[in-house]
Amino acid sequence: MGRAPGAERTTTSSTPSSRTLPRSRRICDGADPSPRRGPISEKTRPHPLVELYGEFPDRLRGDRWQPAADVFETASEIRVRFEVAGVRGEDLKVNVEGAVLRLRGVRRTPSSEAIDRLQQMEISFGPFERKIPIEASFDPDAVKARLEDGFLEVRIPKRAPESRKLTVEHDGSE
């Protein structure tokens, strides 16, 4: 369980001073061989824009973006819902490869209007790919996908469990 902000941690060492003083206020007795570090070095200090706005979107870090996905199951099917706002249907490709649902596509930048100054950028554009493992038995030819209101919903009907009649062997004496 986490501590409240500003709460200090106590230690369980056997020396009297360490049992009564929080670790951050203990005087170093020379037993700790690691040197004490000073202020944050320039190499570990976050970029000033990160301090101001938070982490950069994936695209600015050089990663491909991935649409968010929800996977849920009913008695008869598995549904996978992808959030693909701004992606056109012709820019989406859905494949079933073995027991994996694969979505590939591209979200194109909306326009090429001139920008004088960028103030904030959080929406990712460009190519993407998601692979979702499907744990149930299904017929790949029965999978259907529908794009509506910025969501792509893929419906994967489950196969009915195979059943077969068994012959009971007996010795014929009964």
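The values are calculated or read from the model by the stated rules, or taken from the named source; none is laboratory data. A quick note: this is a predicted structure, and the numbers were derived from the prediction, not measured. In this analysis, Cβ positions are derived from the backbone assuming ideal geometry, glycine residues included, and neighbour counts consider all displayed protein chains.
Considering only the range 144-155, I want to know if a residue exists there that is touching a strand residue (DSSP E or B) at 6+ places or on another chain (Cβ under 8 Å), surrounded by 13 or more Cβ atoms within 10 Å (Cβ to Cβ) and small (Gly, Ala, Ser). Within the range 144-155 (the criterion being touching a strand residue (DSSP E or B) at 6+ places or on another chain (Cβ under 8 Å), surrounded by 13 or more Cβ atoms within 10 Å (Cβ to Cβ) and small (Gly, Ala, Ser)), the answer is yes, since at least one residue qualifies.
Quick grid of which residues meet (1) out of contact with any Lys or Arg (no Cβ under 8 Å at 6 or more places or on another chain); (2) farther than 24 Å from PRO67 by Cα; (3) modelled with pLDDT of 95 or more:
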position	(1), (2), (3)
VAL94	no, no, yes
LEU103	no, no, yes
ILE115	yes, yes, no
GLN120	yes, no, no
PHE125	no, no, no
VAL143	no, no, yes
PHE151	no, no, yes
GLY172	yes, yes, no
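Taking the range 98-124 as the range and being under 21 Å from the mean Cα position of the chain (by Cα), surrounded by fewer than 12 Cβ atoms within 10 Å (Cβ to Cβ) and not hydrophobic (A, V, I, L, M, F, W, C) as the test, only GLU122 passes. On the stretch given as the range 52-85, residues that are touching a Gly at 6+ places or on another chain (Cβ under 9 Å) and modelled with pLDDT under 95 total 3.
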